[in-house]
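Only one structure is covered here, and it is reproduced in the block below.
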């Protein structure tokens, strides 16, 4: 019982756990994308750049203002969320009546500009961000050495995903949001300020990306391309889960993290490709995604 | 009368010159040497050379032209190859067709090899200072190519050899899945085996799409190898080391061999994480009086950065190329890349960055390699004071022996 499929069992358990941790990032990011797409019908290509801005905001808060990790976890998403709101007001709000493609191109362009500015300012090697003292160290699980911080990432991601899902599915605010998705004009007729709600939703989606960035800062070096590495995978996650489906993107995020983790053991060269293979298969069998409604 | 005659002469000379003016500016274009710096300006290797590599090239041009009128002008143009071989090859073709005389830098071995083929086809000069694959002077060597800096053989010999000697006799490789990673793993494996060590396994991860290395580090750990060989570079190496520290690998006695690591990588990691790492470079700014002098001259251009062996290789190589052009004339050097490179091989090199050296028949520039250890935070007395010198391999021994490369230019 030491070997499973020719791989030592401890190694396999370790990989499952690591997959779950990466899945936590996929889930958090695809959640924000799903919220934005669900309500704004905008394919937010700037999401990766906003994830990166979250990490940089945490770094700047620490190094320029001496504000530590825990406060940054709250402040960085607010700051980045506000920049999102400005972007929405200034640019994105003009595109709601046009084809999806315009929103995609606009946000893609914005992402390139944002990443370019950060690269010019901070270089590409990245900046160090220490793991907070409370979360440093590691547990010995027997089959692997588990850094406390990574455990915290999974827990934080789960709480965040669950809270978002509850807000959207179970509260009055969420009901307004969902109603506005179905028929904005009617909701507005009931006296709800739909444009403001849309703006705040975009800000919220962006803030979710920024939380992911703060959580990622101590694990990966804080560098301008950290988001672009992730964003394409996250889009595949959203497509597999079903565009706009909140629960779908959360579950798919975690599941694909695990699939990718296992691929890294059995066929490492394919680990960047496997998610897209799954995406192709899902699109052929269920074009609306696993949890989407056609 | 004489005044009139003089006026006449002046007028006729003036008239003779007038139609020559446009011809002269055309002659000026033919009298300009164009250098194309092609490197990564937006990806994981940007900080190693990128904008700094361009500045180092321009510094060389400035110092060369400051030495008086050389009879020709020098122009530097730049581009980002995005680490994509197709982008690099297309750009190289376009540049050479538009009259670029030399392409320099070109990190990322897959791109470096692609441009190598274009240069050979067009008979144009090509100095690679950024790629590591030893195939550039081996199986794929070309009469138009000089490989100026580090290669996988030299890195494997210096870092790999030293680690095996220090007792690291079992290895596991984490390898970037493209030409560079493969060559570095192959060359290091040879040294490990020759020294009586064993290679217990390796993983090849997708480049450049990977930022989480924990899975591979865990596989390496479960192989029980004493040394994890990182056959990667730039941001990938930084993330690998950072995550190895996070998972406590070093505390459990596993040694990391960062087979290709540069000063900016150490800077990005911070000494707290990087301390004790052993690495190989051919240049360190604080090595001797000449390296300190050239660093000081470069400092205004590099702002708060220091040069490393890759970026400053552009300085050294550009200087040597321009000396060869001055020696053989602009027209002749524009006509044939093979001839310029032959002239470069015939002339001894000497500059502040690497000292005296020469270029071998197969295109390999010879320079010493230095094995450094990264200082502990308390040992570092100033910003960028990062390295302790452990050992020096002389230029003639640092690289693969001429006969072993399999280069077709080498006549036995």
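The values are calculated or read from the model by the stated rules, or taken from the named source; none is laboratory data. Please read these numbers as outputs of a predicted model, since none were measured by experiment. Because the Cβ atoms are built from the backbone with ideal geometry, glycine has one as well, and the counts that use them run over all protein chains shown.
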**Study point:** Matching residues in segment B:217-231 - criterion: being closer than 23 Å to residue B:110 by Cα and within 14 Å of chain A (Cβ to nearest Cβ)
**Key:** B:231
Point to revise | The lone exception for residue A:143 - which of (1) under 22 Å from the mean Cα position of the chain (by Cα); (2) within 12 Å of another protein chain (Cβ to nearest Cβ) it fails | key: (1)
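Look through B:77, B:35 and report the one residue that is buried (at least 21 other Cβ atoms within 10 Å of the Cβ) and either under 22 Å from residue B:335 (Cα atoms) or modelled with pLDDT under 95 (or both). Can you show your working first?
On the way: B:77 fails: buried (at least 21 other Cβ atoms within 10 Å of the Cβ).
None of the other options fit; the residue is B:35.
Can you name the helices (runs of 4 or more DSSP H) wholly within segment A:37-141 that have at least 3 residues being over 26 Å from residue B:239 (Cβ atoms)?
Working: elements: A:47-65, A:69-90, A:100-122.
Ranges flagged: A:69-90, A:100-122.
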Study note, to complete from the structure: Of the listed residues (B:7, B:53), the one being modelled with pLDDT under 95 and either surrounded by fewer than 22 Cβ atoms within 10 Å (Cβ to Cβ) or part of a helix (DSSP H, G or I) (or both) is B:7
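Restricting attention to segment A:277-291, does a residue exist that is within 14 Å of another protein chain (Cβ to nearest Cβ) and either surrounded by fewer than 22 Cβ atoms within 10 Å (Cβ to Cβ) or at pLDDT 90 or above (or both)? Explain how you work it out, then say what you get.
Kept after step one, since they are within 14 Å of another protein chain (Cβ to nearest Cβ), are these residues of segment A:277-291: A:277.
Now drop any that are not either surrounded by fewer than 22 Cβ atoms within 10 Å (Cβ to Cβ) or at pLDDT 90 or above (or both), which leaves A:277.
Looking for residues that are within 14 Å of another protein chain (Cβ to nearest Cβ) and either surrounded by fewer than 22 Cβ atoms within 10 Å (Cβ to Cβ) or at pLDDT 90 or above (or both), one finds at least one in segment A:277-291, hence yes.
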Practice item. Would you check which residues across segment B:232-258 are within 17 Å of residue A:125 (Cα to Cα) and more than 12 Å from chain A (Cβ to nearest Cβ) and list them? Key: B:232, B:258
Check your understanding: When the residues of segment B:171-201 are filtered to those that are surrounded by fewer than 23 Cβ atoms within 10 Å (Cβ to Cβ) and part of a strand (DSSP E or B), which remaining residue is nearest to the other protein chains (Cβ to nearest Cβ)?
Key -> B:201
**Study point:** Only listed residue being surrounded by fewer than 22 Cβ atoms within 10 Å (Cβ to Cβ) and within 30 Å of residue B:245 (Cα to Cα), chosen from B:271, B:260
**Key:** B:271
Check your understanding: Taking segment A:256-276 as the search range and keeping residues that are under 17 Å from residue A:231 (Cα atoms) and touching a residue at least 40 places away in the same chain (Cβ under 8 Å), which one is surrounded by the fewest Cβ atoms within 10 Å (Cβ to Cβ)?
Key -> A:276
Check your understanding: With respect to the numbered conditions (1) more than 22 Å from residue A:139 (Cβ to Cβ); (2) at pLDDT 90 or above; (3) touching a helix residue (DSSP H, G or I) at 6+ places or on another chain (Cβ under 7 Å), which one is the sole condition not fulfilled by residue B:213?
Key -> (1)
Review point. Can you spot a residue in segment A:84-92 that is touching a residue at least 40 places away in the same chain (Cβ under 8 Å) and out of contact with any helix residue (DSSP H, G or I) (no Cβ under 7 Å at 6 or more places or on another chain)?
Key: no
Review point. Is it the case that residue B:204 is at the interface with chain A (Cβ under 9 Å from one of its Cβ atoms), surrounded by fewer than 22 Cβ atoms within 10 Å (Cβ to Cβ) and outside any loop (DSSP other than H, G, I, E, B)?
Key: yes
